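See below for the structure under consideration.
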């Protein structure tokens with residue numbers, strides 16, 4: 001077997017260095033590989049290291065599965081493991097630590113928010129579709145009406161998973177001219193003729209906000225910002241529900257869900273409570289709060305910003321008022337600070 005060519009050797013050295021090989025170990029390994037089987041003395045001369053050092057290097061190479069040392073031979077012989085087998089040995093060692101690496105990554109990934117500047121339309125749409133696909137509880141979107149067909153199938157799949165969807169179509173000049181069935185894709189749909197910022201929020205964790213023109217694909221100077229952090233995503237949702245949503249025209253509202261039903265997402269529960277209230281149904285609620293004892297009682301008030309007539313007294317108010325028979329208490333969703341209780345789950349039933 002001949003020595004590696006000059007053009008090959010730099011690449012080989014670079015890749016071996018990635019695996020943690022020192023320059024001396026690489027020199028020795030290439031000398032052994034070139035001869036298939038050789039003596040410690042030959043390796044010493046070829047790699048320009050002492051014979052004592054060759055013994056130590058050979059042990060380390062053998063531990064990594066790259067060579068075999070024949071210590072009982074005289075003189076001591078070192079034989080290269082076939083490259084295919086050697087690479088498999090290295091791969092096996094890497095795979096053996098994969099579970100530990102993944103566990104460590106999972107612990108740190110949840111603690112490390114992601115912030116990305118998005119300048120391409122394709123990237124913005126890709127991020128949106130990925131977030132819709134991963135959403136478990138809620139999707140809120142403000143998007144140009146002519147772009148909506150590109151995500152219609154994704155929203156349909158989300159609704160099949162029972163995700164709560166608020167959809168705001170912008171640049172929508174003539175709502176009456178739109179002939180679409182929104183039932184399979186959203187809980188509430190609104191439209192507005194103005195050009196607004198493109199944004200979405202999913203599960204209060206992932207969000208993007210940016211210039212509406214990024215959806216046109218021609219304004220390379222425009223951009224959007226994607227974030228995966230609860231506080232930032234919550235702020236973007238506040239813009240959506242507090243500034244954009246009230247100014248738009250209601251286009252579609254879902255029908256009330258059959259009861260009883262348990263809700264893990266409080267805004268979904270609030271909307272459904274309001275829909276049943278509008279139909280004259282009195283509601284009983286069983287609530288598991290984040291802190292405190294289980295609550296049970298009759299819902300006597302619904303404050304919500306999602307459908308007309310809006311019953312909230314300020315833009316972000318979204319709560320239920322419960323008569324437990326002993327007291328009247330207010331119930332809010334995740335992050336509530338004005339309400340007396342923060343609901344973790346709520347079950348609604350008709351109050352017979």
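The values are calculated or read from the model by the stated rules, or taken from the named source; none is laboratory data. This structure is a prediction, so every number in the text was calculated from the model and none was measured. Every residue, glycine as well, gets a Cβ built from its backbone with ideal geometry; the counts of neighbours run over all protein chains shown.
The table that follows gives values for the structure above.
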read-out: The lone exception for residue 175 - which of (1) buried (at least 21 other Cβ atoms within 10 Å of the Cβ); (2) touching a residue at least 60 places away in the same chain (Cβ under 8 Å) it fails; value: (1)
read-out: Criterion: surrounded by 23 or more Cβ atoms within 10 Å (Cβ to Cβ) and in contact with a helix residue (DSSP H, G or I) (Cβ under 7 Å, 6 or more places away or on another chain) - qualifying residue of 196, 155, 169; value: 169
read-out: Residues located in the range 277-290, provided they are in contact with a strand residue (DSSP E or B) (Cβ under 7 Å, 6 or more places away or on another chain) and more than 20 Å from residue 137 (Cβ to Cβ); value: 277, 281, 282, 283, 284
read-out: Members of the range 255-267 found to be in contact with a strand residue (DSSP E or B) (Cβ under 7 Å, 6 or more places away or on another chain) and either loosely packed, with under 14 Cβ neighbours inside 10 Å or part of a loop (DSSP other than H, G, I, E, B) (or both), listed by number; value: 259, 260, 262, 264, 265
read-out: Which numbered condition residue 31 misses (of (1) touching a helix residue (DSSP H, G or I) at 6+ places or on another chain (Cβ under 7 Å); (2) modelled with pLDDT of 85 or more; (3) loosely packed, with under 13 Cβ neighbours inside 10 Å); value: (3)
read-out: Residue, nearest to residue 241 (Cα to Cα), within the range 158-180, restricted to residues that are assigned to a loop (DSSP other than H, G, I, E, B) and at pLDDT 95 or above; value: 163
read-out: Within the range 111-148, tally of residues that are over 28 Å from residue 162 (Cβ atoms), in contact (Cβ under 8 Å) with a residue 24 or more places away in the chain and either under 16 Å from the mean Cα position of the chain (by Cα) or part of a strand (DSSP E or B) (or both); value: 4
